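Input: a single structure, listed below in structure tokens.
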Amino acid sequence: MDLKAYLEERRSLVNRALAAWLPAVRGPAFRVVQAMHYSLFAGGKRLRPILCLAAAEAVGGGQEEALPLACALEMIHTYSLIHDDLPAMDDDDLRRGQPTCHKQFDEATAILAGDGLLTEAFYTLAAAAPRFQGREAMLLEVQELLSEAAGYRGMVGGQMLDLMAEGRRITLKELEIVHRLKTGALLTAATRAGALAGGGSRRQVAALTAYGERFGLAFQITDDLLDVEGEAAEMGKAPGMDEKRQKATYPALLGLEASRQWAGHLVQEALAELEPFKERAAPLRELARYLLVRRS
Ligand code: GRG
């Protein structure tokens with residue numbers, strides 16, 4: 001399959017759905033909605049929504065139910081990036097090749113835009129209920145799993161552990177826990193939510209969750225590798241920041257070659273989970289392979 005064409009088509013599908021779900025920039029508090037729009041549409045690969053749609057497809061489901069979940073995932077992801085870039089956290093000036101939200105607007109507006117996107121994600125799930133008539137229990141399960149993945153049991157907890165690890169030597173095991181929570185939880189939630197929305201069996205949902213876990217960890221390792229080897233123009237942000245901040249990373253703990261091999265091993269494990277899905281999992285297969293060659 002042509003992954004590039006597939007990604008372009010999915011990205012524009014997701015962008016259209018996001019534009020439809022997001023409130024219009026008007027009203028007395030328009031500035032915060034403007035900042036939400038700014039960060040959401042400042043670029044981005046739309047990886048989490050695309051994974052969600054591809055998982056729904058792998059179990060034979062349609063896109064109609066998976067799309068609002070896909071949009072909610074991207075809203076949560078964009079909120080986390082806005083907050084991660086704030087001076088109190090990573091203090092970054094550039095994201096997705098554009099000024100970060102607090103640089104374009106101001107710090108208070110960026111905090112509120114993040115809060116607004118996080119809340120809007122759960123509003124979107126609730127407002128999508130009419131698409132799930134007779135399947136409300138599944139929608140509740142998705143809400144529970146997204147809350148778990150985004151909150152202190154997942155991404156927020158991982159971010160806290162990451163901040164607490166600054167300036168301290170941590171073990172590979174500790175690093176894996178940080179990344180499973182900080183980055184992996186939302187990526188895993190994407191495939192699990194897609195499999196549920198698509199009507200997958202328990203066995204299929206478990207396999208696509210296991211795929212998402214391997215994908216999430218491999219994604220983080222390749223993110224660390226890109227920070228060492230990537231080009232600013234392709235990444236939309238400055239490389240070399242991990243070393244500058246003395247962050248614990250896979251290349252720092254394992255070395256470049258062993259990190260590459262570990263990512264390759266995880267991708268093989270992810271691919272093994274897809275075997276029973278045959279051709280319907282072709283996009284998920286290509287997405288996993290893409291991790292090993294991605295440049296942004
Ligand atoms: C502030 C609660 C809170 C959490 C922040 C996700 C995160 C947690 C921080 C981002 C820091 C970072 C660069 C992590 C590495 C992996 C990652 C999430 C990269 C960005 O995701 P992409 O590559 O970004 O999917 P795009 O812009 O393509 O959507």
Efficiency by 1/(1 + (r/R0)^6): what FRET value for residue 129 and residue 241, r their Cβ-Cβ distance, R0 = 35 Å, to the nearest 0.05?
0.25
Amide H contacts under 5 Å for residue 95, restricted to residues at least 5 apart in sequence or on another chain and with H modeled in the peptide plane, are 100
Using helices alone, I'd like the mean residue ellipticity at 222 nm for the chain: each DSSP H run of four-plus residues gives -39500 (n - 2.57), total over residue count, nearest 500.
-21500 deg cm²/dmol
Pair residue 272, residue 258: separation of 7 Å Cα→Cβ label points (nm)
2.2
Would you kindly calculate the translational diffusion coefficient of the range 5-148, applying Stokes-Einstein with the Kirkwood radius from alpha carbon pairs, for 25 °C and a viscosity of 0.890 mPa s, and quote it in µm² s⁻¹ without decimals?
156
Let me know the volume per residue of the alpha-carbon convex hull for the chain, in Å³.
120
Per residue Cα convex hull volume for the range 145-227, in cubic angstrom?
87
Probe 1.4 Å, heavy atoms of protein chains only: per residue, the accessible area of the chain in Å² is 46
Given H placed 1.01 Å from N in the peptide plane, which residues other than close sequence neighbours of residue 274 have an amide H under 5 Å from its amide H?
none
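The values are calculated or read from the model by the stated rules, or taken from the named source; none is laboratory data. Fair warning: this is a prediction, and the values are worked out from it, not measured in the lab. Please note: Cβ atoms are built from the backbone with ideal geometry, for glycine as well, and neighbour counts cover all protein chains shown. Calculation scope for accessible area: heavy atoms of the full protein, side chains included, ligands and nucleic acids excluded. Shrake-Rupley method; radii C 1.70, N 1.55, O 1.52, S 1.80 Å.
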